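Each value in this text was obtained by applying a stated rule to the coordinates, not by laboratory testing. Model, not experiment: these values are computed from the prediction. FYI the Cβ positions are ideal-geometry reconstructions off the backbone, even for glycines, and counts take in every protein chain you see.
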Amino acid sequence: MNKQKIFFSLGVSFALLCGSETAMASVPDSAYVFSYCSGKNDGKNGLHFAWSVDQNFWNEIGPEYSYVKSDYGTWGREKRMVSPFLYRDEASSRWHCVWSVNERDNTFAYATSTNLVDWKPQSYPYLEVNSCVLNPVVSKDGDTFKISYIDNDNKHYAVQTKDFREYNNNKAATSAEYKNNTVEVELGGNKYKGQIHRVEWAVVDKLIKTKEHKEYRNRLHDERCEQDPVRFSNMGDIKASLKLNRENSKPISDMLIGAFFEDINYAADGGLYAELVQNRGFEYDPSDRKGDQNWNSKHSWHLIGEGTQFEISQENPIHENNKNYAVLKVSAPGAKLENHGFDGILVKKGEKYDFSAFGKTLDGKTGKYTVRLVNGAGDVLAETSVSVGKEWKKQNAVLKSNADARDAKLQIQPAAAGEFAFDMVSLFPQNTFKGRKNGLRQDLAQIIADMKPRFVRFPGGCVAHGDGLHNIYDWKKTIGKLEERTPARNLWGYHQSMGLGYYEYFLFCEDMGAEPLPVLAAGVCCQNSSDQGAGQQGGIPMCQMGDYIQDVLDLIEWANGDAKTTKWGKVRAELGHPKPFGLKYIGIGNEDLISDVFEERFVMINKAVKEKYPEIQVVGTAGPFYEGSDYEEGWRVAVENKVDLVDEHYYVSPGWFIYNQDYYDKYDRNRCKVYLGEYASHLPGRQRTLETALSEALYLTSIERNGDVVTMTSYAPLLAKDRFTQWNPDLIYFNNHEVRPTVGYYVQKLYGVHSGDNYIYGNLNVHNHRDDVRKRVASSVVTDSKTGDMIVKLVNMLPVGVETDLDLGDMTGYSKEAVLSLLSGNPADSVLQPVDSSIEVSDKFTYKLPAYSFSVIRINKEVGKKK
Ligand code: AHR
């Protein structure tokens, strides 16, 4: 038996490598498969298989290889598969698998497959009759399936379905009705419970080949530069040639590089949004950051001194959306209310800061208070006095700092005894991006603008579809007066003031010359939700979908409607922007589970948008991976509904990028276009280095080649604040006083600045027979119709130089001196910048790609000469 297994494994590997089937004359017609969950990793390893010809000797396919994993609930404590039950419906030749998701919730998971390898997206039907579903089993009577189960008290129940979509007749059952054919099988010294089915050998064969193919791919994807000294030992510089076929070119998207802004890692409040006061509205709430009792309405505020009480009140607030405010009850003046900002307040000598606050007295008198900036040592940096009356009123003042400080604090000090109320206490640098009020941090906004993003996707990611239905991002609550906006919990574990809201996002796009790409939930919240419900994707109730769709349509009218004749165009004009924003794209959904609940709602929204605004390009979604059930189903939904673009996401290893440069070469040109909305190269430990950056640069050459089907791309996530980072790697790291672009940032910038709209086919021939060598060198040549320039991009992920003969064809009309931007170094380097130099070019010239490098050669069209 062992011999047979070894022979078989070798046979499969050979078949995989050669792409042909080996003869399998000796295999049986059928065999047994045993399906089980090992329970390891708390059940998160999912469904496994073993096979046998006689039920005496079992071959594990794995071990621990997962054919389907539970996708129920939030990351961490959920995603468990407990006691899976596999049922084969002979009538439909379909497999049905059900399992318990935990020991608590009144639901079970269901997934179906025709071949045990490809599984449809899961569903989790809620049941009414009991508190939890344990050990569910499936049986069939006529055309009706019955799912029988027990609860924590060992009571039996059952529910019926014909299609595993609609369930009915959920009621108590007898133990006799519980048809459980689960058996115990010993595998590798452990006993597991599961079901045995006799299947055609082809089923077993596919299970084995799938696992071996995956392992083979994983080995490639795990290749890393640190192994290069062994992988490429004794290898010297190699040669290559690139011959352009100038007659053979195609138009490509001129907006390939964009930015994806999500309020993650303190990217908005405390980040891009220039507000310096943290918790200015006293709206922080313990529910923002579950389990942290210090996260409350007084967060970031301290009372310094005696004779004053600091309380939070909700009586007669400035606005119902902003219910909390601070009350200082002063019996003896002298104490001050102090805010330490987001990790300190940064002020610069000689710069001006706009202070504002809503204040009033509560004791019927008028009064004054001092506003002061102090540094960590308590030295006064700026100070002014402000009057306050008996009604809520906004006070404004300008503070000019007399020194630099990174640890400044803002103080408010009532001048006399009395009762004072404060809310929306704010401090902005006057020096914001493009000088806008309520604006963006100059240095951070500028570095994003420097990438020349053609579009900005906002406000998320997961932030867009939210943690629970109540947390779905609502654009209407983020525009208008700051004190009337509705703050919200940020699902990354903090608070969104919404000071950076839809109006500011649109202005930012306009200021950078980028297209806005707002993403709205597809009527469902995140499938990994932890908040409310039992923790899964929920759909907005159908009776509320009309209102939700109207909100989506209103957004388009708000962005593009006439300032005088449309309701929402008027709202935009009143905010200060009578001219329409010219919105062209709208995202519906974010890497959602493509369930029936999703599909029904997505189709409704897409249809409504296209009916009213056929010119708007709708961006659909295809799950969080580059393959799998959500990817397949997301694409099916998109194609069936003729969606304009599909948003794909994948966070993968450098090796994945190296070995999947043909990913889009395979895409059908006549279907939906692609927006690669989130991607990044990840190393173990999640560092960001030249290696990850080069793998992205390598892959982007294939994106340019496929710029006729891929319309847009955006690296994710964009920003991360030191000490407040929930996700690594990111493109740009920052703290209050510095901005640190990663090496990957410079790859994005080089592609953004040196983009084109016409791709020139070329033949890159790496003079080496090894696939792993050839896959590590890539090129892309584009021309830019605006400037007439030609741009040659060359990536080398090898530890040796690649001496490349370039044949660019007739270069009459082009300058002979080009600009070379070169990014190169040690693959483990995490701080690097491209270096510019000039380089001689001609119709034919030789350029040596340095080891581990990305070279961009920009050849200017000579002014006055034809291309
Ligand atoms: O980019 C970070 C997160 O990754 C996004 O919020 C989400 O869409 C994806 O899972």
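Find the centroid of the Cα atoms in segment 280-340 and in segment 70-129, then give the distance between the two in whole Å.
Between the Cα centre of segment 280-340 and that of segment 70-129, the gap is 47 Å.
Calculate the spin-label point distance for residue 220 paired with residue 668, positioning each point 7 Å from the Cα along the beta-carbon direction, and give it in nanometres.
2.4
Which residues in segment 72-91 have a backbone N closer than 19 Å to a point placed 7 Å from the Cα of residue 140 along the Cα-to-Cβ line?
85-91
Pull out the extension gain between residue 763 and residue 484, defined as 0.36 nm times the separation in residues minus the alpha carbon to alpha carbon distance; nm, one decimal. Present the calculation step by step, with values, prior to reporting the outcome.
Working: separation 279, 0.36 × 279 = 100.44 nm, distance 5.92 nm.
Answer, rounded to one decimal: 94.5 nm.
Let me know the shape class of segment 723-818, please: from the alpha-carbon gyration tensor, a ≥ b ≥ c as square roots of the eigenvalues, rounded when a/c is under 1.5, otherwise prolate if a/b is greater than b/c, or oblate.
Details: a/c = 2.89, a/b = 1.46, b/c = 1.98.
Verdict is oblate for segment 723-818.
How large is the Rg to Rh ratio of the chain when both quantities use alpha carbon positions and Rh follows Kirkwood?
Result for the chain is an Rg/Rh of 1.01.
So what J values fall out for segment 759-772 if you push phi through Karplus, 6.51 cos²θ - 1.76 cosθ + 1.60 with θ = phi - 60°, rounded to Hz, Gly and Pro as x?
9, 9, 5, x, 10, 8, 10, 8, 7, 7, 7, 7, 5, 5
Within 10 Å of each candidate Cβ there may be at most 15 other Cβ atoms; applying that plus a DSSP loop requirement, which trypsin sites (Lys or Arg not before Pro) in segment 173-253 survive?
Values: sites: 179, 191, 193, 198, 206, 209, 211, 214, 217, 219, 224, 231, 239, 243, 246; in loops: 179, 224.
Loop-located and lightly packed - 179.
Using θ = phi - 60° and the Karplus curve 6.51 cos²θ - 1.76 cosθ + 1.60, what whole-Hz ³J(HN,Hα) does each residue of segment 608-618 get, with Gly and Pro shown as x?
4, 5, 5, 5, 8, 10, x, 7, 7, 8, 8
Taking the Cβ of residue 242 as the centre, find all other residues whose Cβ is under 10 Å away and add up their charges (Lys, Arg: +1; Asp, Glu: -1).
Working: positive: 243; negative: 805, 807.
With Lys, Arg at +1 and Asp, Glu at -1, the net is -1.
Let me spell out the model: positive unit charges on the Cβ of Lys and Arg, negative unit charges on the Cβ of Asp and Glu, origin at the Cα centre of the chain. What dipole size does that give, in debye rounded to 20?
1180
Could you give the radius of gyration (one decimal) and Dmax (whole number) of the Cα atoms in segment 480-619, in Å?
Reported Rg and Dmax, both Å: 15.9, 46.
At 0.36 nm per residue, and after removing the present C-alpha to C-alpha distance, how many nm does the segment from residue 177 to residue 234 gain when stretched out fully?
Gain on stretching residue 177 to residue 234: 13.6 nm.
Report, in debye and to the nearest 20, how large the dipole of segment 686-828 comes out about its Cα centre when Lys and Arg carry +1 and Asp and Glu carry -1 on their Cβ.
560
Output the relative contact order of segment 757-802, whole-number percent, from Cα pairs under 8 angstrom with separation of 6+ residues.
Relative contact order, segment 757-802: 36 percent.
What three numbers, in Å, describe the spread of the alpha carbons of segment 232-378 along their principal axes, ordered from the longest?
On the principal axes, segment 232-378 reaches 83, 40, 38 Å in Cα extent.
What spacing in nm lies between the two simple spin-label points modelled at residue 77 and residue 154, each 7 Å away from Cα in the Cβ direction?
Between residue 77 and residue 154, the simple spin-label model gives 2.7 nm.
Tell me the trypsin sites (Lys or Arg not before Pro) within segment 656-694 that lie in a loop according to DSSP and have at most 16 other beta-carbon atoms within 10 Å.
Taking segment 656-694 and a limit of 16 other Cβ atoms within 10 Å, the loop trypsin sites (Lys or Arg not before Pro) found are 669, 671.
Would you mind checking which residues have amide H under 5 Å from residue 257's amide H? H placed 1.01 Å from N; only 5 or more apart, or other chain.
The answer is 454, 713.
Lys/Arg Cβ at +1, Asp/Glu Cβ at -1, dipole of segment 86-154 taken about the Cα centre: which of 130, 152, 99 is farthest positive-ward?
Farthest towards the positive end: 99.
Calculate, for residue 248 and residue 191, the FRET efficiency according to 1/(1 + (r/R0)^6) with r their C-beta to C-beta distance and R0 60 Å; round to the nearest 0.05.
It comes to 0.45.
When the Kirkwood radius is taken over all Cα pairs of segment 242-284, what Stokes-Einstein diffusion coefficient follows at 10 °C and 1.306 mPa s, in µm²/s?
Numbers: Rh = 15.0 Å.
This corresponds to a translational diffusion coefficient of 106 µm²/s.
Compute the length gained on full extension between residue 575 and residue 42: take 0.36 nm times their separation in residues and subtract their Cα-Cα distance, giving the result in nm to one decimal.
Result for the pair: 186.6 nm of gain on full extension.
List the trypsin sites (Lys or Arg not before Pro) in segment 555-624 that DSSP assigns to loop (not H, G, I, E or B) and whose Cβ has at most 10 other Cβ atoms within 10 Å. Which are they?
The qualifying sites are 564.
Under a crude label model (7 Å from the Cα following the beta-carbon direction), how far is residue 163 from residue 565 in nanometres?
My value for the distance between the label points is 4.4 nm.
Starting from the Cα of residue 434, move 7 Å in the Cα-to-Cβ direction to define the label point; list residues of segment 556-571 whose amide nitrogen is under 17 Å from there.
559-560
Quick one: Karplus J couplings for segment 329-345, per residue in order, coefficients 6.51, -1.76, 1.60, θ = phi - 60°, nearest Hz, x for Gly and Pro?
Result, ordered by residue: 9, 9, 9, 9, x, x, 6, 10, 8, 10, 10, 9, x, 9, 6, x, 10 Hz.
Run the helix sum for the chain: -39,500 (n - 2.57) per DSSP H stretch of 4+ residues, divided by residue count, reported at 222 nm to the nearest 500 deg cm²/dmol.
About -5500 deg cm²/dmol.
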